[in-house]
Amino acid sequence: MSIFRSLKHHNFRLHFIGQAISLIGTWMQRVAISWLVYRITGSAFLLGLVTFLSLIPSLVLAPFAGSFIDRHNKFRVVMVTQVGLMVQAGVLAAMIWLNYYNMVWIAALSLLQGLINAFDTTARQALMVDLVDNKEDLPNAIALNSSAFNAARLVGPALAGIILSSFGEDVCFLINFLSFIAVICCLLMMKLTLIPASRSEVNIWADLRKGYEYLKDSPDLSSLILLLAASSLLVIPYTTLLPVFAKDVFHGDATTFSWFESAAGLGALFGAVFMATLKPGHDLMRLTIVSSTVFAVALLGLAVSSSIVFALLATAATGGGLMIQNSAINTYLQTHASSEMRARTLSYYIMSYQGMLPIGSLVIGYLAHYFGVGVVVFAEGIMGILIVLAFMLHQRGINHWLRVLHVIRLRYLR
């Protein structure tokens, strides 16, 4: 079937299988640590703080990681980071199994995970183009990779809800630790022929500046990155508040929280399948605008929900809109950035998403503590609509100047 066409490539197929298994464990750990922190502290602020610590390294290190990966073997970087994440999950599992509920250590391990992820995410994104032999299948591979992520987001929280209720958080962390065995085995089975990384004679700070200048001269790429950065700061952090919706708004437990995570995962999975079915040449800019609008409107619905059924439906819609927005931006960047600048471009993408998200999570958690989740999430929906309008006006300005340059070229440079 054309929807699975990129799976015919041996290396991508191994990557897909390994990630599909490992990501289930990753999502189980995400749900478990969010529930653990809110259960032992009851603080929306501390919930946002842990998210902040797990993601803030992406803001600080992502551009540096992009330049580092452009200079080194991407495959080796991925292998080392996966082993590091496995060790982090093992330490967390052991700590909770021994009933050592220490918020300082939980926060430190979250920070360590963020430091490793700053390099891992950039390296895996940059490696994607080498996993697919036919570059026409790259957009499909990106969409299927997102499908695996969101299928895991659907299954992982559902399993986590059952395990949290029956066994506790430590078992979720242990399963995540064991799931890394699959991805490491798949990496070892790959047959990659990578072009040796060029050893730049200039220092890495000059490389960072070169990446910035490249984006500055590519307004189509930079505008998408700015859209994602604004969304990550002001809109996407609603995900931090899902435990509060489950426990305080709808008076539920860990199982109720897993429903919200699974609803978001189900919506995102439908969004990923939609992206996988798109034919080459689709207008990704317009798709980004539509999906961002759906995401913002769904947040307004979640904020005013008095019924848990309606809240779950709205959460599913937010998951679908967010998934299509991110996948469309990712695909555009992967297919339009030059090969020598791809890792650096993707590092800014990761910085704008995972880097801005922790700041937003910290601020949103703080505001929700004082004003309530309903008011804050409604404000996030309004901000999402305003961001889309600003992006549309910006795009209209870019298109105008591109037309002007085209006319000048035709009249005076022929």
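The values are calculated or read from the model by the stated rules, or taken from the named source; none is laboratory data. Note that the coordinates shown come from a computational prediction; the quantities given were computed from them, not determined experimentally. FYI the Cβ positions are ideal-geometry reconstructions off the backbone, even for glycines, and counts take in every protein chain you see.
Consider segment 8-28. How many of its residues are out of contact with any Asp or Glu (no Cβ under 9 Å at 6 or more places or on another chain) and of a type outside the set (Val, Ile, Thr)? Spell out the reasoning first.
Within segment 8-28, the first condition is being out of contact with any Asp or Glu (no Cβ under 9 Å at 6 or more places or on another chain), and the residues that meet it are 13-26, 28.
If we keep only those that are of a type outside the set (Val, Ile, Thr) too, we end up with 13-16, 18-20, 22-23, 25, 28.
Result for segment 8-28: 11.
I want to confirm something. Restricting to segment 149-170 and keeping residues that are among the small types (Gly, Ala, Ser) and closer than 18 Å to Gly320 by Cβ, which single residue is modelled with the lowest pLDDT?
Top of the filtered list is Ala151.
For segment 80-87, state whether one or more residues are modelled with pLDDT under 90, in a helix (DSSP H, G or I), over 30 Å from Gly365 (Cβ atoms) and not acidic (Asp, Glu). Walk me through it before giving the result.
As a first pass, look at segment 80-87 and keep what is modelled with pLDDT under 90: none.
No: segment 80-87 contains no residue that is modelled with pLDDT under 90, in a helix (DSSP H, G or I), over 30 Å from Gly365 (Cβ atoms) and not acidic (Asp, Glu).
What's the total number of residues in segment 295-316 that are more than 14 Å from Glu380 (Cβ to Cβ) and either part of a helix (DSSP H, G or I) or in contact (Cβ under 8 Å) with a residue 60 or more places away in the chain (or both)?
Adding up the residues that qualify gives 7.
Kindly check whether there is at least one residue in segment 18-37 that is more than 19 Å from the chain's Cα centre (by Cα) and under 24 Å from Ala118 (Cβ atoms).
Among the residues of segment 18-37, at least one is more than 19 Å from the chain's Cα centre (by Cα) and under 24 Å from Ala118 (Cβ atoms), which makes the answer yes.
Could you please give the count of residues in segment 46-60 that are hydrophobic (A, V, I, L, M, F, W, C) and under 16 Å from the mean Cα position of the chain (by Cα)?
Our first condition is that a residue be hydrophobic (A, V, I, L, M, F, W, C); within segment 46-60, this holds for 46-47, 49-50, 52-53, 55-56, 59-60.
Subsequent filtering for residues that are under 16 Å from the mean Cα position of the chain (by Cα) retains 52-53, 55-56, 59.
Selection size over segment 46-60: 5.
Run Ser54 past the list (1) surrounded by fewer than 18 Cβ atoms within 10 Å (Cβ to Cβ); (2) within 28 Å of Gly211 (Cβ to Cβ); (3) not charged (D, E, K, R) and report the number of the one that doesn't hold.
Status for Ser54: all satisfied but (1).
Looking only at residues that are surrounded by fewer than 17 Cβ atoms within 10 Å (Cβ to Cβ) and within 26 Å of Leu393 (Cβ to Cβ) in segment 270-284, which one is modelled with the highest pLDDT?
Looking at residues that are surrounded by fewer than 17 Cβ atoms within 10 Å (Cβ to Cβ) and within 26 Å of Leu393 (Cβ to Cβ), I get Asp283.
Does Ala108 satisfy being touching a residue at least 60 places away in the same chain (Cβ under 8 Å) and of a type in the set (Gly, Ala, Ser)? Before the answer, list the steps.
Numbers: touching a residue at least 60 places away in the same chain (Cβ under 8 Å): no; of a type in the set (Gly, Ala, Ser): yes.
No.
Which one of these does Ile96 not meet: (1) over 23 Å from Pro243 (Cα atoms); (2) in contact with a Phe, Trp or Tyr (Cβ under 8 Å, 6 or more places away or on another chain)?
With respect to (1) over 23 Å from Pro243 (Cα atoms); (2) in contact with a Phe, Trp or Tyr (Cβ under 8 Å, 6 or more places away or on another chain), Ile96 is out only on (1).
So, Ser165, is that one in contact (Cβ under 8 Å) with a residue 24 or more places away in the chain, over 29 Å from Phe274 (Cα atoms) and part of a helix (DSSP H, G or I) or not?
The answer is yes for Ser165.
May I ask you to say which residue of Leu187, Leu174 is modelled with pLDDT of 75 or more, within 16 Å of Arg30 (Cβ to Cβ) and either among the aliphatic types (A, V, I, L, M) or not in a helix (DSSP H, G or I) (or both)? Before the answer, list the steps.
Details: Leu187 fails: within 16 Å of Arg30 (Cβ to Cβ).
Going through Leu187, Leu174 in turn, just one is modelled with pLDDT of 75 or more, within 16 Å of Arg30 (Cβ to Cβ) and either among the aliphatic types (A, V, I, L, M) or not in a helix (DSSP H, G or I) (or both): Leu174.
Checking the condition basic (Lys, Arg), surrounded by fewer than 13 Cβ atoms within 10 Å (Cβ to Cβ) and either at pLDDT below 80 or over 18 Å from Ser231 (Cα atoms) (or both), which residue from Arg344, Arg414 passes?
Values: Arg344 fails: surrounded by fewer than 13 Cβ atoms within 10 Å (Cβ to Cβ).
Of the residues listed, the single one that is basic (Lys, Arg), surrounded by fewer than 13 Cβ atoms within 10 Å (Cβ to Cβ) and either at pLDDT below 80 or over 18 Å from Ser231 (Cα atoms) (or both) is Arg414.
When you look at Val294, is it under 21 Å from the mean Cα position of the chain (by Cα), at pLDDT 90 or above and surrounded by fewer than 17 Cβ atoms within 10 Å (Cβ to Cβ), yes or no? Break it down into steps so the answer makes sense when it comes.
Working: under 21 Å from the mean Cα position of the chain (by Cα): yes; at pLDDT 90 or above: yes; surrounded by fewer than 17 Cβ atoms within 10 Å (Cβ to Cβ): no.
No: the conditions fail for Val294.
Checking the condition free of Cβ contacts under 8 Å to residues at least 60 places away in the same chain, closer than 25 Å to Ala343 by Cβ, charged (D, E, K, R) and in a helix (DSSP H, G or I), which residue from Arg209, Arg286 passes? Write out each step before concluding.
Values: Arg286 fails: closer than 25 Å to Ala343 by Cβ.
Result of the check over Arg209, Arg286: Arg209.
Please go through segment 41-51 and pick out each residue that is surrounded by fewer than 20 Cβ atoms within 10 Å (Cβ to Cβ) and either of a type in the set (S, T, N, Q) or part of a helix (DSSP H, G or I) (or both).
Of everything in segment 41-51, those that are surrounded by fewer than 20 Cβ atoms within 10 Å (Cβ to Cβ) and either of a type in the set (S, T, N, Q) or part of a helix (DSSP H, G or I) (or both) turn out to be Thr41, Ser43, Phe45, Leu46.
Looking only at segment 248-283, how many residues end up being in contact (Cβ under 8 Å) with a residue 60 or more places away in the chain and part of a loop (DSSP other than H, G, I, E, B)?
4
Examine segment 317-332 for a residue that is buried (at least 21 other Cβ atoms within 10 Å of the Cβ), over 16 Å from the mean Cα position of the chain (by Cα), assigned to a helix (DSSP H, G or I) and not basic (Lys, Arg), and state whether such a residue exists.
Within segment 317-332 (the criterion being buried (at least 21 other Cβ atoms within 10 Å of the Cβ), over 16 Å from the mean Cα position of the chain (by Cα), assigned to a helix (DSSP H, G or I) and not basic (Lys, Arg)), the answer is yes, since at least one residue qualifies.
Pick from Leu302, Leu312: which is crowded, with 24+ Cβ neighbours inside 10 Å and more than 26 Å from Met351 (Cα to Cα)? Spell out the reasoning first.
Details: Leu312 fails: crowded, with 24+ Cβ neighbours inside 10 Å.
None of the others qualify; the one that does is Leu302.
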